[in-house]
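Beneath this line is the structure, given in structure tokens, with notes to follow.
The values are calculated or read from the model by the stated rules, or taken from the named source; none is laboratory data. What you see is a predicted model; the values in this text were computed from it and never measured. When we count neighbours, we look across all protein chains shown, and the Cβ atoms used for this are built from the backbone with ideal geometry, even at glycine. These area figures cover heavy atoms from the full protein model, side chains too; ligands, DNA and RNA do not enter into them. Shrake-Rupley method; radii C 1.70, N 1.55, O 1.52, S 1.80 Å.
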Amino acid sequence: MKFNEETIEKFFIGATSYKIPDYQRTYSWETDQLETFLEDLSECQHSESNNPYCFGNIMAEEISTNEYEIIDGQQRLTTIVIFIRALLNEILYREKTHNEYIDINVEQEERIFFKDYGVIKLIPLNFDQSCFNTIIIENKDTYKCETISQKRICDAKNLFMKKLQKINTDKIIELYSILRNSKINFISLQGKKDSALMFELQNNRGKTLTTLEKLKSFLMYQIYLHSKKEETNNNIEYVSQKFASIYRYTSKIEEYTQKNVDINEDNILLYHSYAYSKKNFGYRNMSDIIEEYKSEANLDKILWIKNYVDELCLTFANIQALLLINNDDLTRLKKMDIPFFVYPFVIKTMKFYKEDMKNLCKIFKIMEKLSFRYKLINSRSDIRGKLNEIIKNFNGDIELLASQIKIKMEEAYYWSDARFNETLNGNMYKNERLINYLLWEYEASLQIKGYKIGDLNIEGESIEHISPQTEDDEWIEAGYEVDENNHYSDKFKENYLNKLGNLMLISQSHNSQIGNKPFKNKLDSYNNNPILKQQAEIKNFIKDLDNPIWDTTAIDERHKKILDFAKERWDLKP
């Protein structure tokens with residue numbers, strides 16, 4: 001191990017190349033981290049002290065005399081190079097546009113920080129190299145980004161260029177001087193052993209380490225500690241390659257999901273732990289993984305780690321594959337805002353049936369039914385305990401899984417059929433998003449056979465109260481069940497106004513047009529609707545169409561029809 005304090009300029013000068021290995025995560029800095037980077041340099045610029053700014057430690061494994069692989073510091077190094085590109089561009093712009101003389105040799109600086117006689121100074125992960133080389137090394141204006149990390153590289157360059165445009169030339173020269181003379185502590189490691197030993201990563205003014213990164217660090221160090229001397233390098237390389245694959249999957253997952261917080265690397269690790277750890281849904285954090293790893297005295301630790309990263313890598317691969325599935329059953333499940341307990345069951349199922357869409361559809365249907373019940377009842381009773389034994393023993397038998405879920409839910413009143421029916425019979429309007437989903441599914445049941453409800457959509461959909469909602473003292477128009485003063489009774493408001501039978505899917509514009517109009521006018525507008533069958537069927541609940549009344553009897557009849565549909569549609573029976 002070698003330790004040198006160097007300036008940024010000295011670090012890059014010469015024919016040395018720094019490569020970011022594929023087991024590292026992709027470029028992840030966004031606006032917050034980039035602005036912090038600029039604020040730090042600006043503080044140093046305005047400081048009365050002459051002390052140079054320090055970027056902290058950069059750790060790298062020496063591959064050959066002039067080639068290193070970055071272990072820690074890749075986010076900072078990448079940002080520094082991007083910033084220098086933006087700054088040199090601004091200098092060139094001012095020289096050409098404003099005829100300013102700036103005592104910085106841009107070509108010479110480019111050789112120091114970007115490329116010197118064919119040697120590229122900083123080489124990102126393989127799938128970001130084309131973007132980085134185009135935008136930063138070759139200094140092109142545009143690049144067709146294919147990954148989130150590529151977009152972040154482009155965004156970082158653009159952000160820096162916009163910020164620099166607002167700074168006067170003297171300050172830019174000063175800022176560049178501060179950057180070039182900033183200090184880093186360069187730790188050069190010899191081989192995989194040193195790399196694993198020092199793998200406890202450090203972050204200086206960057207993003208907080210994810211749990212996955214901390215776990216990678218722990219496992220690499222444990223491999224180092226427990227490998228036989230002659231097997232150390234191969235064992236470390238094995239784990240490194242698995243994490244290289246995990247980060248490739250993570251990059252694709254980020255691309256598909258954008259800012260979906262439920263499907264990020266740490267949540268996937270969480271779902272994986274729910275599926276496979278000894279505590280299952282009792283898993284709390286990384287300390288549980290470490291505890292499990294250390295709990296067995298006669299454990300072959302190397303084999304445990306290899307098996308663990310194999311399984312973890314498979315989970316990330318399967319989550320990526322899951323995102324590519326185009327299937328109606330999965331689409332319905334996604335509309336539920338998938339609850340936390342779904343992913344562990346899907347992860348386990350995909351291990352057995354990744355290419356078997358028939359069985360995947362079975363698990364999607366089971367989880368959609370369970371999710372609907374979970375979202376509908378919204379009980380304080382923790383569902384984790386009810387599912388823990390089931391996920392622990394689930395080994396691919398989907399019929400047995402469905403049966404166990406049905407039995408377990410019936411054992412607890414909070415999740416039982418009785419509680420399910422009780423909730424459907426109550427005030428449904430309090431859960432507008434779920435009632436929206438329920439009514440779309442009800443609509444699908446009304447459509448002619450073979451019609452795909454997924455092809456339907458209505459603009460600005462909303463939930464209509466057939467008997468309209470009103471202020472306490474507002475006059476109710478004709479055709480509704482009201483008292484002699486044309487007001488609802490307290491019983492009606494409490495038991496019927498927000499009842500399932502009085503709620504209907506409708507467009508926002510349609511809802512606004514009919515509002516508190518007489519029921520006959522509403523009924524005519526429903527009958528004129530050419531798409532939604534649930535609007536057209538309202539007439540079926542009216543005894544006298546010449547003098548239509550929407551009363552408690554009609555609401556009860558429609559309610560029973562929808563309730564019967566829901567009980568059948570979301571029955572947990574195998």
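General remarks:
- Selection from N502, L370, T79 lying farthest towards where the dipole of the chain points positive, charges on Cβ: L370
- Net charge dipole, the range 475-574: roughly 460 debye, given to the nearest 20, about the Cα centre with Cβ charges of +1 for Lys and Arg and -1 for Asp and Glu.
- Per residue, the solvent-accessible area of the chain (1.4 Å probe, heavy atoms of protein chains only, all protein chains present) comes to 47 Å².
- Net lengthening on full extension, E9/N540 (0.36 nm per residue, minus Cα-Cα): 183.0 nm
- Cα-projected label distance for N486 with E557, points at 7 Å along beta-carbon direction, nm: 2.6 nm
- Overall form of the range 522-569: oblate. Here a/c, set by the Cα gyration tensor axes a ≥ b ≥ c, is 1.5 or more, and a/b is not larger than b/c.
- Between the beta carbons of Q129 and N393, assuming R0 = 56 Å, the FRET efficiency works out to 0.75 to the nearest 0.05.
- Our summary gives the range 1-131 a relative contact order of 40 percent, counting only alpha carbon pairs under 8 angstrom and 6 or more residues apart.
- For peptides 128-140, 389-401, 270-282, sequence by mean Cβ density within 10 Å, most packed first: 270-282, 128-140, 389-401
- Legend: calculated FRET efficiency, E39 to D103, from the Cβ-Cβ distance at R0 = 25 Å, rounded to 0.05, equals 0.40.
- Theoretical gain in end-to-end length, N327 to E432 [0.36 nm per residue, Cα-Cα removed]: 35.3 nm
- Centroid-to-centroid, using Cα positions, the range 114-139 and the range 11-84 are 15 Å apart.
- Candidates per chymotrypsin sites (Phe, Trp or Tyr not before Pro) in the range 82-119, loop by DSSP, up to 10 other Cβ within 10 Å: Y101, Y117
- Alpha-carbon geometry of the range 39-105: the Rg and the Dmax are 16.3, 45 Å, given in that order.
- GluC sites (Glu not before Pro) within the range 246-314: DSSP coil, no more than 11 neighbouring Cβ in 10 Å: E296
- Anisotropy class of the range 311-455 from Cα gyration tensor, a/c 1.5 cut: oblate
- Convex hull volume per residue, computed on the Cα atoms of the chain, equals 219 Å³.
- Couplings 3J(HN,Hα) of the range 528-537, computed from phi: 7, 6, x, 10, 7, 5, 5, 6, 5, 7 Hz, in residue order, whole Hz [Karplus 6.51 cos²θ - 1.76 cosθ + 1.60, θ = phi - 60°; x for Gly and Pro].
- Of the GluC sites (Glu not before Pro) found in the range 464-511, the ones in coil according to DSSP and having at most 10 other Cβ atoms within 10 Å of their Cβ are E471, E484.
- With every protein chain in place, the chain: carbon and sulfur % of accessible area (1.4 Å): 46 percent
- Overall form of the range 217-290 per C-alpha gyration tensor (a/c, 1.5; a/b vs b/c): oblate
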